[in-house]
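One structure is given below, encoded as structure tokens.
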Amino acid sequence: MSVAVAVDDGVGHEARPSASEAGPATKRIVVSYGFWIFLLSDIVMFSAFFAAYAVLAQATAGGPSGVQLFHQRSVAIETGCLLASSYSCGLMSLAIGSRRYGITYLDALVTFVLGAAFLVLELREFAGMIAVGAGPQRSAFLSAFFTLVGCHGLHVTAGLVWLVVMMAQVAIKGFRPTVERRLLCFSLFWHALDIVWVWLFTVVYLMGVRS
């Protein structure tokens, strides 16, 4: 085992241990770094879906286009719900840092309700499109649309399940370091979904009704 020895350099400063002598990184740093890699890989996947959608956006095969299918008011409400859930998620992170259980549960509940409302509106949009014969098999445009938007919806669903599990862990284990790390990862994941949705809203819905 190497031992760092403090040596006076002659000017009143002590030599500090080298990086190799400082020991391995803490688990918090390793987990955060690994989760950032996961988020970046997820962003790469969404980038591929965005590219596919951009190429196929006009391939309607004589079927309905985004101008005929998209309802801006409903999508605006979806966007408001998801952005508001990101705000409540941020408040939850602050409550966790100050060890306030009641505020943590309240903010988690608000985040869950807003995320669930987003999903309900999105599923209703999908059901309405399929009811008029605009399902994913109708055209390449609709296949790309359902793949991109549906993949984001699946991520939101996974995030809601994750949030429920984490609140159960807080109730059982309290604010242990492992629980805090998982909650931090959840917060990063949820905010990343909001960023993806802002791009999705802009590229798919705003640009789609102007094409």
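The values are calculated or read from the model by the stated rules, or taken from the named source; none is laboratory data. Since this is a predicted model, take the numbers as computed values, not measurements. No Cβ is skipped: glycine too gets one built from the backbone with ideal geometry, and neighbour counts run over all protein chains shown. Ligands, DNA and RNA are stripped out before the accessible areas are found, and what is left, the full protein with its side chains, is counted by its heavy atoms. Shrake-Rupley method; radii C 1.70, N 1.55, O 1.52, S 1.80 Å.
Scan (1) more than 18 Å from Phe189 (Cα to Cα); (2) over 18 Å from the mean Cα position of the chain (by Cα) for the single condition Val120 breaks and write down its number.
(2)
Between a first residue in segment 159-182 that is farther than 14 Å from Ala95 by Cα and open to solvent by 50 Å² or more (accessible area, probe 1.4 Å) and a second residue that is among the β-branched types (Val, Ile, Thr) and in a helix (DSSP H, G or I), which pairs have beta carbons less than 7 Å apart while being 6 or more apart in sequence or on different chains?
Lys173/Val179
Of (1) in contact (Cβ under 8 Å) with a residue 60 or more places away in the chain; (2) surrounded by 18 or more Cβ atoms within 10 Å (Cβ to Cβ), Phe146 satisfies all except one. Which?
For Phe146, the failing item is (1).
Give the residues of segment 138-197 that are basic (Lys, Arg) and in contact with a helix residue (DSSP H, G or I) (Cβ under 8 Å, 6 or more places away or on another chain), sorted by residue number.
Lys173, Arg181, Arg182
When you look at Ala108, is it closer than 22 Å to Ile195 by Cβ, outside any loop (DSSP other than H, G, I, E, B), touching a residue at least 12 places away in the same chain (Cβ under 8 Å) and not hydroxyl-bearing (Ser, Thr, Tyr), yes or no?
yes
Show the residue pairs meeting these rules: Cβ distance below 6 Å; 6+ apart or different chains; first residue within segment 42-64 and in a helix (DSSP H, G or I); second residue of a type in the set (A, V, I, L, M) and open to solvent by 30 Å² or more (accessible area, probe 1.4 Å).
Qualifying pairs under 6 Å: Leu56/Ala140.
Going through segment 51-77 one residue at a time, which ones are buried (at least 17 other Cβ atoms within 10 Å of the Cβ) and under 23 Å from the mean Cα position of the chain (by Cα)?
Tyr53, Val75
Keeping to segment 85-113, report how many residues are open to solvent by less than 40 Å² (accessible area, probe 1.4 Å) and either polar (S, T, N, Q) or closer than 20 Å to Val156 by Cα (or both).
Total meeting the criteria: 10.
Any idea which of (1) under 14 Å from the mean Cα position of the chain (by Cα); (2) at pLDDT below 95; (3) open to solvent by 60 Å² or more (accessible area, probe 1.4 Å) is the one Ala192 doesn't satisfy?
That leaves (3) as the condition not met.
Quick check, is Ile37 within 19 Å of Val196 (Cβ to Cβ), open to solvent by 30 Å² or more (accessible area, probe 1.4 Å), over 13 Å from the mean Cα position of the chain (by Cα) and without any contact (Cβ under 8 Å) to a residue 24 or more places away in the chain?
On the way: within 19 Å of Val196 (Cβ to Cβ): yes; open to solvent by 30 Å² or more (accessible area, probe 1.4 Å): yes; over 13 Å from the mean Cα position of the chain (by Cα): yes; without any contact (Cβ under 8 Å) to a residue 24 or more places away in the chain: yes.
Criteria met by Ile37.
Any chance you could count how many residues in segment 114-143 are of a type in the set (D, E, K, R) and open to solvent by 40 Å² or more (accessible area, probe 1.4 Å)?
Final tally of qualifying residues: 2.
Determine if segment 159-174 includes at least one residue that is assigned to a helix (DSSP H, G or I) and closer than 22 Å to Leu206 by Cβ.
Checking segment 159-174: not a single residue is assigned to a helix (DSSP H, G or I) and closer than 22 Å to Leu206 by Cβ.
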